[in-house]
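Asker: Here's a structure for you.
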Amino acid sequence: MKKHKWYKRKVVIISLGILFAVVLAMQFFRPVIINPPVTGNVKVPHEVQVILKNSCYDCHSNETNLSWYDKIVPVSWLVAQHIKKGRSGLNFSKWDELSPADQKAKLWESINQISHGAMPLDSYTLAHPQAKVSQKDIKVLENYIWSLRVNNKPQDTSKIKALNHQTEAVKKAQKLAQIPKAPNGIAYIADYKNWAVISTTQRLDNGTMRIIFGNDIAMKAIKEKKISPWPNGSILAKAAFDEIEDTDGNISQGAFKQVEFMVKNDKKYQKTNGWGFSRFKTPEMVPYGKNANFVIECMNCHQPMEKNDYVFTLPIRQ
């Protein structure tokens, strides 16, 4: 009996030794994580900067500060992937590469994700509890982003002129010789303007209004209350326009800005949570994105709405 116990103990010791040797050998295949130069940091109030650096910068900047356990394989492989993905979607250290409008939109999106609890990732805060964002921090961030809201001036002449100037351009755009396609192959759908309106929203950060349209399949799903998840073939279109406010406070549609499409096909777009994304800007319907990776930005933005099949704006109740 003693000999048997000794043999089992020996097997355990040998197994642990082999495991230790394997883990040790794996350290020679550690991914290289570097911090490229910072070209332009985000300019926000100090209290906002502190929160962003504490909770976002390790994955979304060139100022990654790795803990000792982040450097151990296989954890370092996961960390490297998070950093690569995080920087590609949003990099606070390359803030100067964004236009002022895009900077404001990125801040709006980032704080929106934090408010919804989608960021920082639970897998990150589990190992880095100090990165958790408190309710007090969220209030600071929300107060800041609301301070950036665009105050529409009643009878804003510049917006009215923009609308009038755009009328002819829109007519030309409707006669496009070739249908534009996004880098991922999704084509512009001119017929969306004839679809039913699902809902409307406002973006107070840039003074625009959004009208959300749905194709026949989407509208049927809404009527039957089968949008969790949305059925394949559903297409949602979100068109953005300037907001024009009259002296009585009434809001009307101004110049066209862009239109975004979400196409549901859980097999074709499995890698992007079942949705295909595209965006076309200006009346010329210029496709957004330098390459197909632009969908990472779309996925990151819609991640907080996972429980609603990644759709932000729910239909107006009938």
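The values are calculated or read from the model by the stated rules, or taken from the named source; none is laboratory data. Note that this is a predicted model, so its numbers are computed, not measured. As a convention, Cβ positions derive from the backbone with ideal geometry for all residues, glycine included, and neighbour counts pool all protein chains shown.
Asker: Looking at segment 41-50, which of its residues are outside any loop (DSSP other than H, G, I, E, B) and over 21 Å from the mean Cα position of the chain (by Cα)? It would help to see each step written out before you state the result.
Answerer: Filtering segment 41-50 for residues outside any loop (DSSP other than H, G, I, E, B) gives 46-50.
Across segment 41-50, the qualifying residues are H46, E47, V50.
Asker: Could you list all residues from segment 175-224 that are in contact (Cβ under 8 Å) with a residue 60 or more places away in the chain, among the aromatic types (F, W, Y) and closer than 11 Å to A239 by Cα?
Answerer: Y192
Asker: Among (1) of a type outside the set (S, T, N, Q); (2) at pLDDT below 85; (3) more than 18 Å from R279 (Cα to Cα); (4) buried (at least 18 other Cβ atoms within 10 Å of the Cβ), which single condition is A162 missing?
Answerer: Among (1) of a type outside the set (S, T, N, Q); (2) at pLDDT below 85; (3) more than 18 Å from R279 (Cα to Cα); (4) buried (at least 18 other Cβ atoms within 10 Å of the Cβ), A162 violates only (4).
Asker: Take residues that are modelled with pLDDT of 80 or more and in contact with a Cys (Cβ under 6 Å, 6 or more places away or on another chain) and tell me which of the helices (runs of 4 or more DSSP H) falling wholly in segment 58-153 contain 3 or more. Explain how you work it out, then say what you get.
Answerer: Details: elements: 75-89, 100-115, 122-127, 135-147.
Where helices (runs of 4 or more DSSP H) fall fully within segment 58-153 and carry at least 3 residues being modelled with pLDDT of 80 or more and in contact with a Cys (Cβ under 6 Å, 6 or more places away or on another chain), they are 75-89.
Asker: Could you go through segment 30-43 and let me know if any residue there is modelled with pLDDT of 90 or more, aliphatic (A, V, I, L, M) and more than 22 Å from I138 (Cβ to Cβ).
Answerer: Scanning segment 30-43, I find at least one residue that is modelled with pLDDT of 90 or more, aliphatic (A, V, I, L, M) and more than 22 Å from I138 (Cβ to Cβ), so the answer is yes.
Asker: Could you count how many residues in segment 272-318 are in a strand (DSSP E or B), within 14 Å of the chain's Cα centre (by Cα) and among the hydrophobic types (A, V, I, L, M, F, W, C)?
Answerer: Result for segment 272-318: 2.
Asker: A follow-up question, please. Those residues that are modelled with pLDDT under 95 and either closer than 21 Å to F280 by Cβ or of a type in the set (K, R) (or both), I need them from segment 221-236; list them, please. Before the answer, list the steps.
Answerer: Let us first name the residues in segment 221-236 that are modelled with pLDDT under 95, namely 221-229.
Across segment 221-236, the qualifying residues are K223, K225, K226.
Asker: Next question, about the same structure. Any idea which of L98, L90 is surrounded by 12 or more Cβ atoms within 10 Å (Cβ to Cβ), in contact (Cβ under 8 Å) with a residue 40 or more places away in the chain, in contact with a helix residue (DSSP H, G or I) (Cβ under 9 Å, 6 or more places away or on another chain) and closer than 28 Å to G207 by Cα?
Answerer: Details: L98 fails: in contact (Cβ under 8 Å) with a residue 40 or more places away in the chain.
Sole residue among the options that is surrounded by 12 or more Cβ atoms within 10 Å (Cβ to Cβ), in contact (Cβ under 8 Å) with a residue 40 or more places away in the chain, in contact with a helix residue (DSSP H, G or I) (Cβ under 9 Å, 6 or more places away or on another chain) and closer than 28 Å to G207 by Cα: L90.
Asker: Go through the residues of segment 116-123 one by one and say whether even a single one is in the same structural domain as V140 (by TED's automatic domain parsing) and more than 14 Å from Q303 (Cβ to Cβ).
Answerer: no
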